[in-house]
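Only one structure is covered here, and it is reproduced in the block below.
The values are calculated or read from the model by the stated rules, or taken from the named source; none is laboratory data. Everything quoted here is computed from the prediction, not taken from an experiment. With ideal geometry, Cβ positions are generated from the backbone for all residues, glycine too; neighbour counts draw on all protein chains shown. Ligands, DNA and RNA are stripped out before the accessible areas are found, and what is left, the full protein with its side chains, is counted by its heavy atoms. Shrake-Rupley method; radii C 1.70, N 1.55, O 1.52, S 1.80 Å.
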Amino acid sequence: MTLTARIHKSVSEILPEDWDRLAGIGNPFVSHDFLALLEESGSVGARTGWSPLPIVIDGEDGRPAAALPAYLKSHSQGEYVFDHAWADAWSRAGGAYYPKLQIAAPFTPATGPRLLLGDRPDLAVPLLRAAEQLCESNDLSSAHATFIAPEQLPFFEEAGWLLRNDIQFHWENRGYASFDDFLGALSSEKRKNLRKERAKAQDGVEIRTFTGAEILPEHWDAFWLFYQDTGARKWGRPYLTRAAFDLIDERMADKVLLVLAFYDGEAVAGAINFIGADALYGRYWGALVEKPFLHFELCYYQAIDAAIALGLSRVEAGAQGGHKLARGYEPVRTWSAHYIVDPGFRRAVADFLAQERAGIAQDQLLLGERTPFRKG
């Protein structure tokens, strides 16, 4: 059977039921709702350097049988897997690194499926070959799939893509019945430290959580201010537009856990999480006040409380942040895969990754020895 891959100009061109049948319900960031609202809100598009180019292979019935959430990128911002050094090296060698193809959930360093296969795993490698052909036919330097679900790595290996790994910090639910139950697994000193941090963070403020219809317009207005403040300081320009939050409220509020801190009845800080089938994903936070340990309380401890209450197996609290280690978040590997068109450049990147991999493995080993859990 001859397979034909089609390239769309937006996820919105594809029927939601067709896309979600392939993506499944486990990860909110590859859902049609999330990816389409990024397009409709202007958070992705030519203006932002994230031009949607989803790739679809149709089945015998004419309906999509496999898909890639892909984007034409004119920069390397909002990816959290850093390839700026590769871009610089290729530029110094006389090449043009941009545009490139990015297979990802934009602005979202959360592990998830990047090959949307439904019940057709046999289409995984053909999808990747379609991405390769897109690069080769349009003078793109490379294709990159970031934060790949570990169970999909064999498909990228089979296709011959270069694998890269990094470290994030995730909290694992080992069947805890409560936060105190989790604390019981820590060493005495760490347990006391966490209790002190929570007490100081909660002193003088009221902390409340909201989901679904509980999230009111004034809550979104407040969180937008927090997000603007953090985004301006960390990235220069926040990735999501105000309209994106309105669409999240309209289409995905039941997948959102919003944590707000109130002082004298006014929201002064907040964190937003997304609820998956088996994980809670911490995404954004911000505050208009300086209060010791409030960041840890809203982003990490409240997320643990929620994951236990919801029966979720883990909390993914976003990129970077070694300070998460002392709060019970453990080092885990995250994965990306890379297709480099030029053979010489590909060999250079492969050599770089081999050296990097050894260092990261050592880092993970050392970090694992510094977790706050009781030894023995």
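Considering every residue within segment 132-148, establish whether at least one is of a type in the set (D, E, K, R), open to solvent by less than 70 Å² (accessible area, probe 1.4 Å) and within 23 Å of the chain's Cα centre (by Cα). Steps first, please.
Start the filter on segment 132-148 by keeping residues that are of a type in the set (D, E, K, R), which leaves 132, 136, 139.
Remaining after also requiring open to solvent by less than 70 Å² (accessible area, probe 1.4 Å): 132.
Then drop every residue that is not within 23 Å of the chain's Cα centre (by Cα), which leaves none.
No, because not a single residue in segment 132-148 is of a type in the set (D, E, K, R), open to solvent by less than 70 Å² (accessible area, probe 1.4 Å) and within 23 Å of the chain's Cα centre (by Cα).
Test Ile207 against the stated conditions and say whether it is open to solvent by less than 30 Å² (accessible area, probe 1.4 Å), within 26 Å of the chain's Cα centre (by Cα), at pLDDT 95 or above and among the aliphatic types (A, V, I, L, M). Even if it seems obvious, please write down each step before you answer.
Working: open to solvent by less than 30 Å² (accessible area, probe 1.4 Å): no; within 26 Å of the chain's Cα centre (by Cα): yes; at pLDDT 95 or above: yes; among the aliphatic types (A, V, I, L, M): yes.
In short, no.
Looking at this structure, is Leu101 within 30 Å of Arg63 (Cβ to Cβ) and touching a Cys at 6+ places or on another chain (Cβ under 8 Å)?
Numbers: within 30 Å of Arg63 (Cβ to Cβ): yes; touching a Cys at 6+ places or on another chain (Cβ under 8 Å): yes.
Judged against the criteria, Leu101 is a match.
Given the conditions (1) at pLDDT 95 or above; (2) closer than 24 Å to Glu189 by Cβ, report the number of the one that Gln364 does not fulfil.
Condition (1) is where Gln364 drops out.
Quick grid of which residues meet (1) in contact with a helix residue (DSSP H, G or I) (Cβ under 6 Å, 6 or more places away or on another chain); (2) among the polar types (S, T, N, Q); (3) surrounded by 12 or more Cβ atoms within 10 Å (Cβ to Cβ):
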| residue | (1), (2), (3) |
| --- | --- |
| Thr334 | no, yes, yes |
| Tyr339 | yes, no, yes |
| Gly344 | no, no, no |
| Ala354 | no, no, no |
| Gln362 | no, yes, no |
| Glu369 | no, no, no |
| Arg374 | no, no, yes |
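State all residues of segment 68-89 that are touching a Leu at 6+ places or on another chain (Cβ under 9 Å) and open to solvent by 10 Å² or more (accessible area, probe 1.4 Å); if no residue qualifies, say none. Please lay out each step first, then the result.
Within segment 68-89, the subset touching a Leu at 6+ places or on another chain (Cβ under 9 Å) is 68-73.
Passing the criteria: only Leu72.
Please tell me if Leu15 is over 21 Å from the mean Cα position of the chain (by Cα), farther than 23 Å from Tyr239 by Cβ and at pLDDT 95 or above. I'd like the intermediate steps shown before the answer.
Values: over 21 Å from the mean Cα position of the chain (by Cα): yes; farther than 23 Å from Tyr239 by Cβ: yes; at pLDDT 95 or above: yes.
Judged against the criteria, Leu15 is a match.
Could you list all residues from segment 279-311 that are farther than 16 Å from Gly204 by Cβ and of a type in the set (Val, Ile, Thr)?
Ile304, Ile308
Given segment 251-338, what strands (runs of 3 or more DSSP E) lie entirely inside it while holding 1 or more residues that are aromatic (Phe, Trp, Tyr), in contact with a Phe, Trp or Tyr (Cβ under 7 Å, 6 or more places away or on another chain) and under 22 Å from Asp33 (Cβ atoms)? If you could, list the steps in order and put the result at the bottom.
Working: elements: 256-263, 266-275, 279-287, 314-316.
Hits in segment 251-338: 266-275, 279-287.
Could you give me the residue pairs with C-beta distances under 7 Å whose first residue belongs to segment 29-43 and is more than 15 Å from Pro54 (Cα to Cα), whose second residue is open to solvent by less than 20 Å² (accessible area, probe 1.4 Å) wherever it lies, and which are 6+ apart or on separate chains?
Ser41/Ala244; Ser43/Leu240; Ser43/Ala244
Any idea which of Arg63, Arg6, Arg47 is without any contact (Cβ under 8 Å) to a residue 24 or more places away in the chain and of a type outside the set (A, V, I, L, M, F, W, C)? Before you say what the answer is, go through the steps one by one.
Working: Arg63 fails: without any contact (Cβ under 8 Å) to a residue 24 or more places away in the chain; Arg6 fails: without any contact (Cβ under 8 Å) to a residue 24 or more places away in the chain.
Step by step, each of Arg63, Arg6, Arg47 is checked, and only Arg47 is without any contact (Cβ under 8 Å) to a residue 24 or more places away in the chain and of a type outside the set (A, V, I, L, M, F, W, C).
Within the bounds of segment 184-196, is there any residue that is open to solvent by 60 Å² or more (accessible area, probe 1.4 Å), part of a helix (DSSP H, G or I), farther than 30 Å from Glu132 by Cα and among the aliphatic types (A, V, I, L, M)?
For segment 184-196, residues open to solvent by 60 Å² or more (accessible area, probe 1.4 Å), part of a helix (DSSP H, G or I), farther than 30 Å from Glu132 by Cα and among the aliphatic types (A, V, I, L, M): absent.
When only residues in segment 162-183 that are open to solvent by less than 10 Å² (accessible area, probe 1.4 Å) and not in a strand (DSSP E or B) count, which is farthest from Ile55 (Cα to Cα)?
Among them, the one singled out is Leu183.
Going through segment 53-64 one residue at a time, which ones are open to solvent by less than 10 Å² (accessible area, probe 1.4 Å), touching a helix residue (DSSP H, G or I) at 6+ places or on another chain (Cβ under 6 Å) and either under 10 Å from Leu116 (Cα atoms) or assigned to a strand (DSSP E or B) (or both)?
Filtering segment 53-64 for residues open to solvent by less than 10 Å² (accessible area, probe 1.4 Å) gives 54-57.
With the extra rule that they be touching a helix residue (DSSP H, G or I) at 6+ places or on another chain (Cβ under 6 Å), the set shrinks to 54-55, 57.
Across segment 53-64, the qualifying residues are Ile55, Ile57.
Going by the structure shown, is Ala213 more than 17 Å from Cys299 (Cβ to Cβ), open to solvent by 60 Å² or more (accessible area, probe 1.4 Å) and either hydroxyl-bearing (Ser, Thr, Tyr) or part of a loop (DSSP other than H, G, I, E, B) (or both)?
Values: more than 17 Å from Cys299 (Cβ to Cβ): yes; open to solvent by 60 Å² or more (accessible area, probe 1.4 Å): yes; either hydroxyl-bearing (Ser, Thr, Tyr) or part of a loop (DSSP other than H, G, I, E, B) (or both): no.
So Ala213 does not fit the description; no.
Could you please find all residues in segment 197-210 being touching a strand residue (DSSP E or B) at 6+ places or on another chain (Cβ under 9 Å) and not in a loop (DSSP other than H, G, I, E, B)? Spell out how you get there, then give the answer.
Keep residues of segment 197-210 that are touching a strand residue (DSSP E or B) at 6+ places or on another chain (Cβ under 9 Å), which gives 201-202, 204-210.
If the condition is that a residue be touching a strand residue (DSSP E or B) at 6+ places or on another chain (Cβ under 9 Å) and not in a loop (DSSP other than H, G, I, E, B), then Ala201, Gln202, Glu206, Ile207, Arg208, Thr209, Phe210 are the ones that fit.
Restricting attention to segment 301-320, does a residue exist that is among the polar types (S, T, N, Q), surrounded by fewer than 18 Cβ atoms within 10 Å (Cβ to Cβ), on the phi < 0 side of the Ramachandran plot and without any contact (Cβ under 8 Å) to a residue 12 or more places away in the chain? Working first, answer last.
Taking segment 301-320 first, the residues among the polar types (S, T, N, Q) are 302, 313, 320.
Right, trim to surrounded by fewer than 18 Cβ atoms within 10 Å (Cβ to Cβ) and you get 313, 320.
Of the ones still in play, those that are also on the phi < 0 side of the Ramachandran plot are 313.
Okay, now just the ones that are also without any contact (Cβ under 8 Å) to a residue 12 or more places away in the chain, so none.
No, segment 301-320 contains no residue that is among the polar types (S, T, N, Q), surrounded by fewer than 18 Cβ atoms within 10 Å (Cβ to Cβ), on the phi < 0 side of the Ramachandran plot and without any contact (Cβ under 8 Å) to a residue 12 or more places away in the chain.
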